[in-house]
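In what follows, a single structure is set out as structure tokens and then discussed.
The values are calculated or read from the model by the stated rules, or taken from the named source; none is laboratory data. Note that the coordinates shown come from a computational prediction; the quantities given were computed from them, not determined experimentally. Cβ coordinates were reconstructed from backbone atoms using ideal geometry, including for glycine residues, and neighbour counts include every protein chain displayed. We work out accessible area using only protein heavy atoms, side chains counted, and drop any ligands, DNA or RNA first. Shrake-Rupley method; radii C 1.70, N 1.55, O 1.52, S 1.80 Å.
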Amino acid sequence: MSLSPDHDRLEFWEEQAQRLHWDTRWNQALDWSGAPFARWFTGGRLNVAYNCVDRHVEAGHGDQVAFHWEGEPGDTRTITYAELRSEVCKTANALLSLGLRAGDRVAIQLPMIPEAVFAMLACARLGLPHSVVFGGFSPAALRSRIEDAGARLLITSDGQYRRGKAEPMKALTDEATGYTPSIEHVLVVRRTGADVPWTEGRDLWWHHLVDTQSAAHRPEAFDAEHPLFVLYTSGTTGKPKGILHTTGGYLTQAAYTHRAVFGLDPDSDIYWCTADIGWITGHSYIVYGPLANRTTSVMYEGTPNTPHEGRHFEIIERYGVSVYYTAPTLIRTFMKWGEDIPARYDLSSIGVLGSVGEPINPEAWRWYRRHIGGDRAPVVDTWWQTETGAVMIAPLPGRPDAKPGSARTPLPGISAKVVDDQGREVGKGESGYLVLDQPWPSMLRGVWGDDDRYRETYWSRFPAQGYYFAGDGARYDEDGDIWLLGRIDDVMNVSGHRISTAEVESALVSHPTVAEAAVVGASDTTTGQAIVAFVILRGGATAREADAGRVVAALREHVAQEIGPIAKPRRILTVPELPKTRSGKIMRRLLRDVAENREVGDVTTLADASVMDLINAGLVRET
Ligand code: 6R9
């Protein structure tokens, strides 16, 4: 008797789930009766930290290195699985001593230091959903994330090293926690040794509280659907969404994909994912996937050109990195710096190269394979999202017919389609929208505190078919392989970071001099897209009258303060009007033409077609 495809798919995931240790086995692989809210491995119970740490020590691998950590100034730490277990237990005991109990939220804003991993795993061990906030995000961004999740504890550090300098962190997080009454304590790791403002009774040093705890802690098993973390990501509105991930399905798919996509062998590979733990890639492929697979990883704190442009290659050579996973924007930066830099290092240990975050252009793909991969190592381009939790589309290594720039096919257990706006699958050689037409174990379980937004954002585009709408354009080639074409909504991708146009617009209009703002992503050869803003100043002043340089600098700084330096517009143009349709919608397409220095396209749907002449005339004056 042949099985229905769905049955095969569920059976496949049940097999993958067996890689984990379950205290109680599940009784149903998938409960989709409350769609689009999935429940995977219902009735199953497990502890994520036990799976990532303790079980490896118990199986005799306590002396295996979990992390070769390298600080930006050159200091190093080697952390074995046995040491990781004792650090995670001490951290868990410290969190318990603060009265935190399963279900309480913990915000984490830390640099790429081992304590970030200890903190995440301690939260997972206690069933405390964490919300990691990227270290480059501003106090305002941190504050809104703490407020939305109602976090009781913030874990941060005195400072962080960036580009060879010790920058403050605690002084900034204090600007956020001054307004967030839900935060009862701030736990502070000493990293740079800088003086920090201190609130007695609320603030606690990590080395006082954690280092003095017992290194013994018995993990408790949680339901497979217990919330593991919330991670905020940009959507099409100004307010970031808290993407919710849970326990059993997430860990199953993170572990499976990490092993399968990179062909990872925990006994011989040295793995390095260059992401920051503030992004989903850091969650799934620095922390949860690799540790569940007992991987030996490299973790690096700093920027790739500190103190010199060979820093990554030096690290690959030093530790014998065999799997290297990074983003196209960094590959293009390496290309700019020149191939003679990697050529100075022994990169012969490299066996597999990974790419994530944005479409990888064929030139970058070829350069990566040749100059980092010695023309031997396969390049695996992995498509996925914060929402998908783990890799969805990628060529499995071992497929000899590599295609530079194509993520190829959905992984086993995953189903994806390219469809037209009616939801009909397009043919070979045609493009359309990427959708996921079957639930998957590491799928988001919702948007924190906003079920309607979850349904509306992801499931309302193709209600008849019940497809998950990813927000990406894609194309089938003549072989039926998938090529990703980038976002089709108002989400920009700058150096692999998702930033919504609306978020930057609302930051701009919150400045007293700005009346209106429109933001577009313009193609950029290094960063993928660059943020270009068009602003109308209050009182109709143009930048010329109001002192262009000063106004533009103030606005860029303001956006950095509201969101973070990554959201600073590359260019800000002051204009007298914005191009709008009769219904008042801004025509970003035309602004993109201007931003990319192209002839402006069809203007017939504009309410006032002369607006573009005004804008162009203004630009000519400005240059
Ligand atoms: C993992 C991650 C998700 C968006 C996604 C898409 C783009 C990611 C890609 C890719 C083409 C790839 N994206 N990987 N586009 N090829 N291999 O990046 O998550 O930060 O949520 O971004 O990034 O546009 O929709 P996230």
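At-a-glance table
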{"quantity": "Separation of alpha-carbon centers, region 29-92 and region 260-324, rounded to whole Å", "calculated": "16 Å"}
{"quantity": "Cubic angstrom per residue, convex hull over Cα atoms of region 14-105", "calculated": "176 Å³"}
{"quantity": "Protection-proxy order for peptides 441-449, 378-386, 335-343, each taking the mean of Cβ atoms within 10 Å per residue, highest first", "calculated": "441-449, 378-386, 335-343"}
{"quantity": "Relative packing of peptides 158-168, 569-579, 547-557 - highest average C-beta neighbours within 10 Å first", "calculated": "569-579, 158-168, 547-557"}
{"quantity": "D (Stokes-Einstein, µm²/s), Kirkwood Cα radius, region 145-236, 1.567 mPa s at 4 °C", "calculated": "84 µm²/s"}
{"quantity": "Cα-Cα separations in region 290-432 greater than 24 Å, expressed as whole percent", "calculated": "37 percent"}
{"quantity": "Ellipsoid semi-axes in whole angstrom, largest first, where each is sqrt(5λ) of the Cα gyration tensor of region 475-602", "calculated": "28, 17, 13"}
{"quantity": "Rg and Dmax of region 39-82, Cα atoms only, in Å", "calculated": "15.1, 47"}
{"quantity": "Per residue accessible area in Å² of the chain, where ligands, DNA and RNA are left out and the probe is 1.4 Å", "calculated": "38 Å²"}
{"quantity": "Cα-based Rg / Dmax (Å) for region 273-313", "calculated": "11.5, 33"}
{"quantity": "Around W198: net Lys/Arg minus Asp/Glu count, Cβ-Cβ under 11 Å", "calculated": "-3"}
{"quantity": "Solvent-accessible area, 1.4 Å probe, carbon plus sulfur percent, for the chain", "calculated": "48 percent"}
{"quantity": "Value in Å of the Kirkwood radius, where region 423-525 supplies the Cα pairs that are averaged", "calculated": "16.2 Å"}
{"quantity": "Highest average packing first - 450-462, 595-607, 495-507, Cβ atoms within 10 Å", "calculated": "495-507, 450-462, 595-607"}
{"quantity": "Å³ per residue enclosed by the Cα convex hull of region 358-409", "calculated": "77 Å³"}
{"quantity": "Å³ per residue enclosed by the Cα convex hull of the chain", "calculated": "166 Å³"}
{"quantity": "Cα-derived Rg to Rh of region 360-482, Kirkwood definition", "calculated": "1.02"}
{"quantity": "Efficiency of FRET from Cβ geometry, A554 and T199, R₀ 30 Å, rounded to 0.05", "calculated": "0.45"}
{"quantity": "Set of region 119-162 residues, backbone N closer than 17 Å to the point 7 Å along the Cα-Cβ line of D211", "calculated": "119, 156-159"}
{"quantity": "Once the Cα gyration tensor of region 280-369 is diagonalised, semi-axes √(5λ) in Å", "calculated": "21, 16, 13"}
{"quantity": "Nearest-20 debye value, the chain charge dipole, Cβ charges on Lys, Arg, Asp, Glu", "calculated": "420 debye"}
{"quantity": "Calculated P(r) tail over 24 Å for region 79-206, as whole % of Cα pairs", "calculated": "22 percent"}
